[in-house]
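Asks: Let me give you the structure first, and then I'll get to my questions.
The values are calculated or read from the model by the stated rules, or taken from the named source; none is laboratory data. If you're wondering where the values come from, they're calculated on a predicted model, not measured in any experiment. Virtual Cβ from ideal backbone geometry, glycine too; neighbours counted across all protein chains shown. With ligands, DNA and RNA removed, areas are computed over all heavy atoms of the protein, side chains included. Shrake-Rupley method; radii C 1.70, N 1.55, O 1.52, S 1.80 Å.
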Amino acid sequence: ELHPLKLDVAVRDNHVVLTGKADNLAQKIRAEDIASQIAGIAWLDNRIVVKQQLSRKAGDGQIAAAVEESLDHSPYIASHTIAVAVDDGRAVLTGRAADQFVVHTAVRNAFKGGAESVRTSLVLEDGSTAAAFYTEVSDVP
């Protein structure tokens with residue numbers, strides 16, 4: 001499913017950066033899924049550009065499905081505890097998360113899924129609430 005793609009992988013100090021172009025969002029997410037299973041990877045930055053996204057804006061249903069798929073494939077997130085809603089390209093993540101690391105990972109996954117912005121309202125295991133609004137992935141700590 002990824003054979004015809006030309007993707008570049010850069011590794012430095014247990015950090016992986018994926019670049020290149022994919023035909024669709026499923027290929028982008030699959031590449032990240034494969035790379036995230038490599039032992040010793042501490043951080044993965046998926047910068048693969050989806051050709052479809054270059055030509056047209058994805059609809060809310062497509063974005064929600066892509067975000068949910070990305071959450072499902074993340075080794076750090078119990079995806080069944082986070083609900084995804086998308087309205088006019090803006091994602092809202094609600095439910096429960098283990099800690100801030102999981103929240104930040106979920107937000108990054110939402111942007112990778114095509115969200116234009118992300119709002120969180122997640123209850124953490126310690127009882128605190130992670131409520132924030134992000135307008136771009138670089139806002140995520």
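Asks: Rounding to the nearest 20 debye, state how big the charge dipole of the chain is about its Cα centre with +1 on each Lys and Arg Cβ and -1 on each Asp and Glu Cβ.
Replies: Around 440 debye, computed over the chain.
Asks: If you don't mind, there's one more thing I want to ask. Mind grabbing the base-10 log of I(q)/I(0) for the stretch 75-141 at q = 0.25, 0.27 Å⁻¹? Debye formula, identical points on the C-alpha positions, no solvent, two decimal places.
Replies: Here the Debye-derived log intensity ratios amount to -1.09, -1.27.
Asks: How many percent of the accessible area of the stretch 21-141 is carbon or sulfur, using a 1.4 Å probe?
Replies: That share works out to 52 percent.
Asks: Next question. With +1 on each Lys and Arg Cβ and -1 on each Asp and Glu Cβ, how big is the dipole of the stretch 23-97 about its Cα centre, in debye rounded to the nearest 20?
Replies: 180 debye
Asks: Angle between the Cα long axis of helix 100-112 and the longest principal axis of the chain, 0 to 90 degrees, nearest 10?
Replies: So the inclination is approximately 50 degrees.
Asks: Then there is this: Quick one: which residues, 5+ away or cross-chain, put their amide H under 5 Å from the amide H of ALA22? H built at 1.01 Å from N.
Replies: Long-range HN contacts for ALA22: VAL49, VAL50, LYS51.
Asks: Loop by DSSP (not H, G, I, E, B), at most 16 other beta-carbon atoms within 10 Å: where is the longest site-free stretch of the chain for trypsin sites (Lys or Arg not before Pro)?
Replies: The longest uninterrupted stretch comes out as 58-141.
Asks: With springs only between Cα atoms under 10 Å, which of ILE34, ILE63, ILE82 fluctuates most in a Gaussian network model of the chain?
Replies: ILE34
Asks: To the nearest µm²/s, what D does Stokes-Einstein give for the chain at 10 °C and 1.306 mPa s, using the Kirkwood radius over alpha carbon pairs as Rh?
Replies: Details: Rh = 15.3 Å.
Taking Rh from Cα pairs, D becomes 104 µm²/s.
Asks: Scanning the chain for GluC sites (Glu not before Pro) in DSSP loops with at most 11 other Cβ atoms within 10 Å, what's the longest stretch left with none?
Replies: On the way: sites that count: GLU1, GLU125, GLU136.
The longest such stretch corresponds to 2-124.
Asks: Here's a follow-up. Over the chain, with a Gaussian network built from C-alpha contacts below 10 Å, which listed residue (ASP88, ASP13, ASP45) shows the highest mean-square fluctuation?
Replies: The residue with the greatest mean-square fluctuation here is ASP13.
Asks: So, for the chain, what is the accessible surface per residue at a probe of 1.4 Å, expressed in square angstrom?
Replies: 55 Å²
Asks: Nearest 10 degrees is fine. How inclined is helix 60-73 to the longest principal axis of the chain, computing both from alpha carbons?
Replies: 90 degrees
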